[in-house]
Each structure stands twice: as C-alpha cells, then as structure tokens.
Amino acid sequence: MEDRNVKVNIDNVKMIYDSKNGEVVALNGISLGIKDNEFVCVVGPSGCGKSTLLNIIAGLFPPTSGKITCNGKVVEGTGVERGVVFQQYALFPWLTVRKNIEFGLKINKVPDQDNSGKMRKLTSKEIKQIADKYIKLVQLEEFANSYPKTLSGGMKQRVAIARAYAVNPEILLLDEPFGALDAQTRTQLQSELIQTWEKERKTCLFITHDIEEAIILAERIVIMSARPGRIKEIVDVNIPHPRNQKTKMTDEFLKLKNYVWAQVYEEYLAVRK
Ligand SMILES: Nc1ncnc2c1ncn2[C@@H]1O[C@H](COP(=O)(O)OP(=O)(O)OP(=O)(O)O)[C@@H](O)[C@H]1O
Ligand SMILES: [Mg+2]
C-alpha cells in the first residue's frame, strides 16, 4: 500500500539506453517517494542519470523496468499536473515570448467561480494578466514580443521558467532551471522560488549542480552516485524557514554544504577514475 502522503512514487526504476556503443545503464534500482508539498533536490555528477529520471517522471518515455506513479496513477505520458522546465529550453521557435507563455494557459482549466466544481477555460483577459505577471517575474517585459532565436541562453531559460510557473501545475519538475543564468538573476529567481514555496508549498523536484542552491531550496537532497545512477544518500535539510540568501552564511548551512559537497565529490572522482 502506497503512502497517501506521497505525490510521486518512483518504484525500482531502471533505464537502459541503446546506443551505438552498446547498452548504457543510466539508472538502476531508483526508489523514491516525493511527498505532497515537498521540495526535493537531486544532485550528482554529470551523466549520472538526473535528466533521465526527470524525463521519465515527466512522462516523455517509459523506464525499461520499474514504475512511476503520480497521485496514485501510473505515469504513461505527459500530464498537465506535471509542469516541466527542461535542461535544454524547449521553446516553440515560431511563437513570441508572450505566446510561448500563453500557450499552456490556453489549454489550462481552472475551477469555475460559482464553486460548482466545474472546470472552465481561462478568458483571454485572464491569460494576458497571468502572462504579464510571469513575464515581469523573469524580467522580460522588453522582449515579450521577441522570438526565441533572438534571445540569449539565459533569457530563453527564463521564458521556459515563466511558462512552467504560469500554468500553476500541481508538481514542478525542474532540470537545472537556473543553470544558464547569470549569478544575479539566479540569486533573484532562487529567492522568488523560496518565497513562493514557503507560501504555496508546491511539490517540486529540482535538479541542480549547485550544492548551495540545493540546500537553500530543499527539504531533502537526493545525492546520486556515478553511472549507473543509483541513490547514494538522501540528506534531510532541517534548516528552518523562512530562508533567504543570508541563510547561506549560517553555521548549519555551511556544515551541511561541506557534507554534501564531500559526498558529491566522491562520485565525481568515481567518474574520472
Ligand atoms: N537518448 C540517449 N541515448 C543513449 N544514451 C543516453 C541518452 N540520453 C542519455 N544517455 C546517457 O545516459 C546517461 C545519463 O544521462 P543524463 O542526461 O540523464 O545525465 P545527467 O545526470 O542529467 O547529466 P548532466 O548533469 O550532464 O545533465 C549518460 O551516460 C548519457 O550518455
Ligand atoms: Mg542533465
């Protein structure tokens, strides 16, 4: 019997890719329950299978064996309850920044105001308001009518973040969403994300290479081992909320940072062997 509190359950997942050089075992024996309202960060050396795991949870492709459930249902494809920011920003090149953000909102349904439990589509005014809010959040007001090919990597990534946040999914799956951003924008979006999470407690799975980022955001950090990706250790982050950038200077933060860093470094060395 699955724990009712578990939002996404990963049960003994294995992923083998067929490549030119033979089979690549990307994931082996991954089991993890992500609880409702939990923020989980995943860290681990490059190539250990982090994106593979996130893409399987997103429903892009099935695992070779094992099972993922979301809200108790087996994941068999993508779903509106799972919002994704991919490692490679997957924007529609033929749509402007604004239209990229509005795209998901057009198919999004919200509960009707009359409390009847019925769902309705958003009006075009509402869609515009929501898009405006998120364009502002990622500071792309000047580029709202630009096409992706005219944006820098960091700007494209900000559009992808805005697009995922805008549809307000039950679960956010974020694959190094701040990886391509400059330090200032990254710090600012981290702070926004902490504050939003403290308010809404949306279930998040967040992949990052940045250990400070993982600690400041997460309730639990999953450290993955070098390929084939397995879970090496799960570390609880018992640093109280509210957290902010100053939290990074506290003793408990630094102690945890040293610990997680040492664990990840061990796996990095294993890859280089
Ligand atoms: N489509 C594919 N076909 C064959 N092998 C693949 C494919 N996608 C990923 N791999 C292999 O699977 C392993 C895990 O890849 P994945 O992208 O999940 O790693 P990652 O942990 O996200 O790395 P990074 O931190 O660099 O983003 C790697 O060895 C990679 O070469
Ligand atoms: Mg990756």
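Every number in this text was worked out from the coordinates using simple rules, so none of it is lab data. These figures come from a predicted structure and were not determined experimentally. Glycine also receives a Cβ, built like all others from the backbone with ideal geometry; neighbour counts cover every protein chain displayed.
Assorted remarks:
- Three-way shape label, the stretch 91-168, alpha-carbon gyration tensor, a/c 1.5: prolate
- Convex hull volume per residue, computed on the Cα atoms of the stretch 47-139, equals 146 Å³.
- Rounded to the nearest 10 degrees, the angle from helix 251-272 to the longest Cα principal axis of the chain is 70 degrees.
- Convex hull of Cα atoms in the stretch 167-209, direction-averaged projection (nm²): 3.2
- Given K35/K257; K118/K149; K109/K133, the pairs whose alpha carbons are separated by over 28 Å: K118/K149
- The chain: relative contact order as a whole-number percent, Cα under 8 Å and 6+ apart: 25
- Range of Cα positions in the stretch 135-204 per principal axis (Å), largest first: 34, 25, 21
- Normalised Debye scattering of the stretch 1-101 at q = 0.19, 0.20 Å⁻¹ gives log10 I(q)/I(0) of -1.02, -1.10, counting only Cα atoms as equal scatterers and leaving out solvent.
- Proximal aspartates and glutamates to K255, defined as alpha-carbon separation beneath 18 angstrom and excluding residues fewer than eight positions away on the same chain: D210, E212, E213, E219, E233, D236, E266
- Every helix of 4 or more DSSP H residues in the chain counts as -39500 (n - 2.57), and over all residues that averages to -11000 deg cm²/dmol at 222 nm.
- Pairwise centroid distance, computed over Cα atoms, of the stretch 212-273 with the stretch 111-164, Å: 32
- Debye-sum result for the chain in log10 I(q)/I(0), which assumes one identical scatterer on each alpha carbon, at q = 0.08, 0.11 Å⁻¹: -0.34, -0.66
- Each of the GluC sites (Glu not before Pro) that DSSP puts in a loop and that has at most 10 other Cβ atoms within 10 Å breaks the chain; the longest unbroken stretch is 77-273.
- Order of Y165, Y17, Y89 under a 10 Å beta carbon neighbour criterion, fewest first: Y17, Y89, Y165
- The stretch 93-148: chymotrypsin sites (Phe, Trp or Tyr not before Pro) falling in loop per DSSP and having at most 12 other Cβ within 10 Å: W94
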